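Enquirer: Below you'll find the structure I mean.
Values in this text are rule-based calculations from the coordinates and carry no lab data. Owing to the predicted nature of the structure, the values given are computational and were not obtained by experimental measurement. Backbone-built Cβ (ideal geometry, glycine too); neighbour counts: all protein chains shown.
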Amino acid sequence: MTIDRIVLGSTIGHRFSRLLVYLTLILAAVVYIGPLLVVLLTSVKSLDEVRAGTLLQLPHAVTFAPWKAALLSQCIGVSCTGLSHQFVNSFAMVIPAVLLSTPLGAVNGYALTLWTFKGSDWVYAFLLFGVFMPLQIVLIPLAHVLGLLGLANTLPGLVLLHVIYGIPFTTLFFRNFFVTVPRDLVSAARVDGASFWQVFFRIVLPVAIPSFVVSTIWQFTNIWNDFLLASTFTDGQSAPVTVALYDMVGAATGVKTYNVDMAAVMLTALPTLLVYIFAGRYFIRGLMAGSMKG
Amino acid sequence: MSALKLQNISKSYGDVSVLSQVSISIDSGEFLVLLGPSGCGKSTLLHAIAGLHSPTSGDILIGGARMNDVPCQHRDIAMVFQSYALYPSMTVEQNIAFPLEMRKVPASQRKQAVADAARLLRIEHLLKRKPSQLSGGQRQRVAIGRALVRNPQLFLFDEPLSNLDALLRVEMRTELKKLHQRIGRTTVYVTHDQVEAMTLATRIAILNKGMLQQIGTPAEVYNKPANLFVAGFIGSPTINLLKGVGEIAGGSRVFRTIAAGHRSMKLPIPLGLDVKDGQALTLGLRPEVICLGAGGSGPGDVTAEVDVTLIEPTGPDSIIVFELGGRECMARVAAGDMIKCGPNTISFPAHKSMFFDSETEKLIG
């Protein structure tokens with residue numbers, strides 16, 4: 001698709017206002033990219049160089065030793081194995097949590113829009129409540145429930161919480177997409193003899209791929225970045241990487257190894273960054289899905 | 001045995017009544033058109049027949065069996081939607097085969113049935129395409145093909161032509177008629193377009209405000225409309241309706257128009273019509289009944305002097321607009337007969353007029 005350029009005014013006033021827009025945008029970009037640059041630059045300098053130079057100085061000799069240390073040998077408390085174990089924990093948490101909450105949201109959204117039943121609006125209203133509810137107020141009840149289930153301080157317990165907490169969000173995504181799907185499509189399929197699940201898998205699912213991408217990105221990012229649930233309900237060896245990062249950086253004693261800390265930050269943020277870079281365009285497309293014809 | 005029987009179907013949403021006491025019975029092979037203005041309940045009725053929702057009360061019988069509690073996939077019906085409702089992720093072939101697949105018809109049989117339907121609708125070259133690559137008319141054909149492929153007891157059409165442009169609509173209308181003549185399936189067809197209704201239907205059921213106004217052949221509803229609503233809804237240009245009163249004195253039976261500030265016009269009321277003296281009547285005159293020039297001198301012919309204010313040429317004939325009995329009236333005349341506006345003489349035979357009771361709005365006689 002080619003995009004035709006819009007016609008812009010060419011008087012002094014027009015040019016000046018355009019300059020203002022660009023300056024504002026550049027300023028905003030600097031505010032956001034600046035810290036990232038500092039983190040990135042620091043993470044590839046040796047500790048001596050970090051101490052000697054300024055924040056934005058380019059490294060003399062690029063070294064990946066801090067990255068290696070952050071991943072494999074930096075001490076967290078008494079265990080000196082870096083973030084590797086908790087990094088694996090994070091994947092072990094985020095993958096099942098996303099794979100469970102997204103399809104559940106899809107079925108919910110489908111049932112709540114295209115297969116409505118008496119009281120379905122109420123069900124949706126209650127589900128939405130989950131979106132707006134601050135997690136802090138349910139931490140203690142959650143702890144109690146996890147204890148009863150025997151899942152306290154375990155990764156499966158954390159997965160369960162993320163799945164349940166994610167359902168309102170994924171349902172919201174899919175519902176907002178499915179309201180744009182013509183009801184006639186479902187009516188036609190029903191007349192043609194398709195059941196609830198046949199309509200879902202054969203008719204609705206194939207057109208909902210962008211919603212799946214959006215929901216997956218959203219869930220992946222939120223669950224990976226979660227600190228509150230992770231720090232409350234896991235410890236030590238069962239903790240995901242966000243908690244380990246905090247322990248490594250915040251609770252360390254002795255010499256501050258800024259370069260390793262920065263490398264650890266980059267490592268922790270890397271998966272969500274990659275998800276955004278590679279699937280971001282689907283994110284935009286998915287959020288806009290249905291807003292325009294074609 | 002009737003193919004479809006609707007008994008006292010009512011549907012209401014809370015206090016809002018959408019359909020009330022509709023009863024229709026149609027025979028096998030009939031083409032019934034449900035006609036009415038938007039919001040008259042015709043689509044609601046069709047959806048109730050399809051089983052997409054259930055009526056509040058009343059019975060639906062298809063082929064003699066009560067269907068109220070039968071889910072739509074077991075009703076042996078096929079439906080064509082206004083939006084076509086083609087499955088966007090499937091090819092044309094998969095779309096048409098879908099209802100067979102859902103009924104577990106073996107693949108080889110499926111292929112044959114799809115090929116037959118495609119040939120009938122002349123869409124064989126489109127089978128591998130996706131719906132998004134088709135034009136409106138082609139989509140329409142695919143939607144019909146999907147309905148056709150299963151050989152259902154009953155075809156349901158929900159305003160299938162209203163998304164097409166004018167030319168294509170006329171073309172598809174003709175094709176639908178040919179198709180029905182060829183395969184002779186019982187069909188229920190919803191439309192708000194009276195031309196579609198007149199051309200396609202073996203019988204037309206006219207609905208207004210959720211109530212059945214009249215059911216009959218196209219000729220019946222046109223020539224003998226049951227009430228003022230039907231008379232006004234069917235026919236283009238619309239029927240001329242003049243308010244007046246019946247005057248029965250001795251041997252003379254006369255209808256006299258009443259309109260404040262206008263000269264009244266008189267015409268004889270045909271024998272056999274049960275009209276009382278002083279009864280408020282409405283005269284209905286189809287535009288094509290009125291001719292230019294003076295009529296015969298007999299009592300059965302009515303002649304009037306009018307002032308033609310507007311001429312609308314339509315090609316083969318022209319619609320002339322004039323005032324008669326205090327109302328703006330229209331007449332259809334041959335194209336060359338009237339070229340300039342101005343005073344003119346018109347006439348019509350009294351026996352081609354219709355009389356309605358102004359209060360009950362029902363046709364008299």
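Enquirer: Can you list residues whose amide H is under 5 Å from residue B:269's amide H, if they're 5+ apart or on another chain and H is modeled 1.01 Å from N?
Expert: So residue B:269 has HN proximity to B:253, B:254, B:255.
Enquirer: Over all distinct Cα pairs, what is the inverse of the mean 1/r for chain B, reported as the Kirkwood hydrodynamic radius in Å? Walk me through the numbers before you get to the answer.
Expert: Working: mean 1/r = 0.0433 Å⁻¹.
One over the average 1/r among Cα pairs gives 23.1 Å for chain B.
Enquirer: Hey, could you get me the Stokes-Einstein D for the protein assembly as shown, Kirkwood radius over alpha-carbon pairs, 25 °C and 0.890 mPa s, rounded to whole µm² s⁻¹?
Expert: Numbers: Rh = 31.8 Å.
After rounding, the answer is 77 µm²/s.
Enquirer: Could you pull out every one of the aspartates and glutamates with an alpha carbon less than 14 Å from that of residue B:11, ignoring same-chain neighbours closer than 8 positions?
Expert: Here the aspartates and glutamates satisfying the reach criterion relative to residue B:11 are B:59.
Enquirer: Separate question: How many percent of all Cα-Cα pairs in the range A:2-72 sit more than 19 Å apart? Could you put the intermediate results ahead of the total?
Expert: Numbers: 1442 of 2485 pairs.
That fraction is 58 percent.
Enquirer: Putting +1 on Lys and Arg Cβ atoms and -1 on Asp and Glu Cβ atoms, find which of A:29, B:191, A:87 reaches farthest to the positive end of the dipole of the protein assembly as shown.
Expert: Final value for the positive-end residue is A:87.
Enquirer: Further, regarding this structure: Using only the C-alpha atoms of the range B:1-158, find the volume of their convex hull and express it per residue in Å³.
Expert: Values: hull volume 20.5 nm³, N = 158.
Given the Cα convex hull of the range B:1-158, per-residue volume reads 130 Å³.
Enquirer: Hey, another quick one. With 10 angstrom as the radius, rank B:69, B:337 by how many other C-beta atoms surround their C-beta, starting from the fewest.
Expert: Numbers: B:69 8, B:337 13.
Result, fewest neighbours first: B:69, B:337.
Enquirer: Once you compute Rg and the Kirkwood Rh from C-alpha atoms, what is the Rg to Rh ratio for the range A:137-180?
Expert: Numbers: Rg = 13.8 Å, Rh = 11.7 Å.
My calculation of the ratio gives 1.17.
Enquirer: For the range A:16-46 and the range A:74-118, what is the separation of their Cα centres, given in Å?
Expert: 32 Å
Enquirer: Ok, one more. Add -39500 (n - 2.57) for each DSSP H run of 4 or more in chain B, then divide by its residues: what number comes out at 222 nm, to the nearest 500 deg cm²/dmol? Present the calculation step by step, with values, prior to reporting the outcome.
Expert: Details: 8 runs with 85 residues, N = 365.
It lands at -7000 deg cm²/dmol.
Enquirer: Which Rg and Dmax, in Å, describe the Cα atoms of the range A:84-291?
Expert: Radius of gyration, then largest Cα-Cα span, for the range A:84-291: 19.7, 72 Å.
Enquirer: Would you mind working out the magnitude of the charge dipole of the range A:84-291 relative to its Cα centre, with +1 at each Lys and Arg C-beta and -1 at each Asp and Glu C-beta, to the nearest 20 Debye?
Expert: Details: 8 positive and 7 negative charges, 104 e Å.
Roughly 500 debye, rounded to the nearest 20.
Enquirer: Just going by the charge dipole of the protein assembly as shown, with Lys and Arg at +1 and Asp and Glu at -1 on Cβ, which of B:89, A:61, B:172 is farthest out on the positive end?
Expert: A:61
Enquirer: Could I ask something else about it? What shape does the range A:222-278 have by the C-alpha gyration tensor, where a ≥ b ≥ c are the square roots of the eigenvalues, rounded means a/c under 1.5, and otherwise prolate means a/b greater than b/c and oblate the rest? Please report the intermediate quantities before stating the final value.
Expert: Details: a/c = 3.02, a/b = 1.16, b/c = 2.59.
Verdict is oblate for the range A:222-278.
Enquirer: Hey, another quick one. Just add up the charged neighbours of residue A:86: K/R +1, D/E -1, any other residue whose Cβ is under 12 Å from the Cβ of residue A:86.
Expert: Details: positive: none; negative: A:235, A:247.
Combined, the nearby Lys, Arg, Asp and Glu give -2.
Enquirer: Where in the range B:251-355 are there trypsin sites (Lys or Arg not before Pro) that are in a DSSP coil and have at most 15 other Cβ atoms within 10 angstrom of their Cβ? Write down the numbers at each step before the final one.
Expert: Details: sites: B:253, B:256, B:263, B:266, B:276, B:327, B:332, B:340, B:352; in loops: B:263, B:276, B:340.
Qualifying residues, ordered by number: B:263, B:276, B:340.
Enquirer: For a quick check: sort B:289, A:7 by the number of other beta carbons within 10 angstrom, fewest at the front.
Expert: Details: B:289 19, A:7 6.
Listing B:289, A:7 from fewest to most nearby Cβ atoms yields A:7, B:289.
Enquirer: Among B:293, B:147, A:123, whose Cα projects farthest towards the positive end of the dipole of the protein assembly as shown, with charges put on the beta-carbon of Lys, Arg (+1) and Asp, Glu (-1)?
Expert: B:147
Enquirer: So, one more: Enter the angle in degrees (range 0 to 90, nearest 10) between the Cα long axis of helix B:107-121 and the first principal axis of the Cα atoms of chain B, meaning the one along which they spread out most.
Expert: Approximately 30 degrees, to the nearest 10.
Enquirer: About the Cα centre of chain B, how large is the charge dipole given +1 on each Lys and Arg Cβ and -1 on each Asp and Glu Cβ? Please answer in debye to the nearest 20. Intermediate results must be reported in sequence, preceding the final value.
Expert: Working: 39 positive and 33 negative charges, 292 e Å.
Rounded to the nearest 20 debye, it is 1400 debye.
Enquirer: Which distance in Å, rounded to a whole number, links the C-alpha centroids of the range A:191-261 and the range B:219-239?
Expert: The range A:191-261 and the range B:219-239 have Cα centres separated by 67 Å.
Enquirer: On to the next question. Which value, in debye to the nearest 20, gives the size of the charge dipole of the range B:230-296 about its Cα centre, when Lys and Arg are +1 and Asp and Glu are -1 at the Cβ?
Expert: Working: 7 positive and 4 negative charges, 30 e Å.
Computed about the Cα centre, the dipole is about 140 debye.
Enquirer: When B:215, B:60 are ordered from fewest to most other Cβ atoms inside 10 Å of their Cβ, what list results?
Expert: Numbers: B:215 20, B:60 23.
Ordered from fewest to most neighbouring Cβ atoms within 10 Å, B:215, B:60 come out as B:215, B:60.
Enquirer: Now for a different question. Explain nothing, just compute: Karplus ³J(HN,Hα) = 6.51 cos²θ - 1.76 cosθ + 1.60, θ = phi - 60°, for every residue of the range B:247-256 in order, whole Hz, x for Gly and Pro.
Expert: 10, 10, 9, x, x, 9, 10, 10, 9, 10
Enquirer: A follow-up question, please. Would you mind calculating the relative contact order of the range A:84-291 from Cα pairs under 8 angstrom and at least 6 residues apart, reporting the percent as a whole number? The partial results should precede the final answer.
Expert: Values: 192 pairs, mean separation 69.7, N = 208.
Relative contact order comes out at 34 percent.
Enquirer: Counting other C-beta atoms within 10 Å, and keeping those with at most 11, which DSSP coil GluC sites (Glu not before Pro) do you find in the range B:192-252?
Expert: Values: sites: B:196, B:220, B:247; in loops: none.
Listed in order of number, the matching sites amount to none.
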